[in-house]
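Below is one structure, written out as structure tokens; the observations come after it.
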Amino acid sequence: MKDQYVGDINDYRKYALLRALSSGGANRIGVSWMLTPSDGGMDGGKLAYLQQPERHRHVDPELFDILAHAASAPERRRLATIEESGAISGALYHNDLLPDELAGRHAFMGRCAYTLREVDLIFFDPDNGLEVAKPKGRKNSSKYLYLDEVAAFYASGKSLLIYQHFPRVERAVFLTRCAERLRSAAPGASLWTFTTAHVVFLLLLHPASPARLHSAADAACTRWTSEFISGRFLGIEPQTP
């Protein structure tokens, strides 16, 4: 995640999903931004929807107004604006900068686990998504969440939501591969995908997670039109005996 992305259309979908999973604060959400520095690029410029309130505001009027305010001035396009807005009721945030360097990354994950130790669900917001063929510790490895990290947080009893940008490959095949990788890292998890035009949010619910979180995930699948977010339950992977 980068500050320059704050308020764009992917943010609208992301926070709408997190608000739905939170159920007004009944489910405690932890957010690990996986913050990386601005790259000076044009990503994050998808703000045209804010100029069309008649088309978009009805989805979540309160959230729409929060994002319109955040995007209305450069000094407000910061993750701190989202944190302070109360957009996600009762959420906790881990907002350290994530380095590429290996020791620094390990320290980051340790602080994240401690800061978010009491939450029901942790949202990881990497720039790109799950790891690719780039060793942890290399340049730009901070743009990815690694499967051993997924496994470690899941093994501690946490449910996870993961941001994943769609690469330029066939999407059905890509989603099947994502599900396979996550099931290997999170045995026994219930798995959902929440797909949008450009990204998918991968939801893994731990067997020990509260029933109200499962109910919120099911309800989110039918909450919006497919143009906004399309939710799908992929099932429960049996645990290895």
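For the reader, a short list of remarks on this structure follows.
- Contact order for the stretch 1-112, expressed relative to its length and based on alpha carbon pairs under 8 Å spaced 6+ residues apart, stands at 40 percent.
- Ellipticity estimate at 222 nm from DSSP helix runs (n ≥ 4, -39,500 (n - 2.57)) divided over the chain, nearest 500: -10500 deg cm²/dmol
- Shape metrics for the chain, restricted to C-alpha atoms - Rg then Dmax, Å: 16.9, 55
- Solvent-accessible area assigned to carbon and sulfur over the stretch 189-237 amounts to 51 percent, based on a 1.4 Å probe.
- 5 Å binning of all Cα-Cα separations within the stretch 30-137, expressed as whole percents from 0 upward: 2, 10, 17, 19, 20, 15, 10, 5, 2, 0
- Straight-distance candidates among the aspartates and glutamates for linking to Lys139, with alpha-carbon spacing under 16 Å and chain neighbours fewer than 8 residues away dropped: Asp39, Asp100, Glu101, Asp127, Glu131.
- Distance-filtered residues of the stretch 141-164 - backbone nitrogen under 16 Å, label point 7 angstrom along Phe174 Cα→Cβ: 144-145, 162-164
- Site pair Phe166 and Asp148 shows an inter-label distance of 3.2 nm when each label is modelled 7 Å from Cα along Cα→Cβ.
- The stretch 85-156: relative contact order as a whole-number percent, Cα under 8 Å and 6+ apart: 31
- Placing dummy labels 7 Å off each Cα toward the beta-carbon, the span from Ala219 to Ala197 is 2.8 nm.
- Modelled FRET efficiency - R0 30 Å, Ser89 with Gln51, Cβ distances, 0.05 increments: 0.65
- Sequence-distant contacts, meaning Cα pairs under 8 Å at least 6 residues apart, place the relative contact order of the chain at 21 percent.
- Set of lysines with alpha-carbon distance to Lys2 below 16 Å, sequence-local pairs under 8 removed: Lys14, Lys46, Lys143
- Rounded FRET efficiency, nearest 0.05, which uses the C-beta distance separating Ser156 from Asp100 and R0 of 25 Å: 0.55
The values are calculated or read from the model by the stated rules, or taken from the named source; none is laboratory data. These figures come from a predicted structure and were not determined experimentally. FYI the Cβ positions are ideal-geometry reconstructions off the backbone, even for glycines, and counts take in every protein chain you see. Just so you know, the surface numbers come from the protein's heavy atoms only, side chains and all, with ligands and any DNA or RNA stripped out. Shrake-Rupley method; radii C 1.70, N 1.55, O 1.52, S 1.80 Å.
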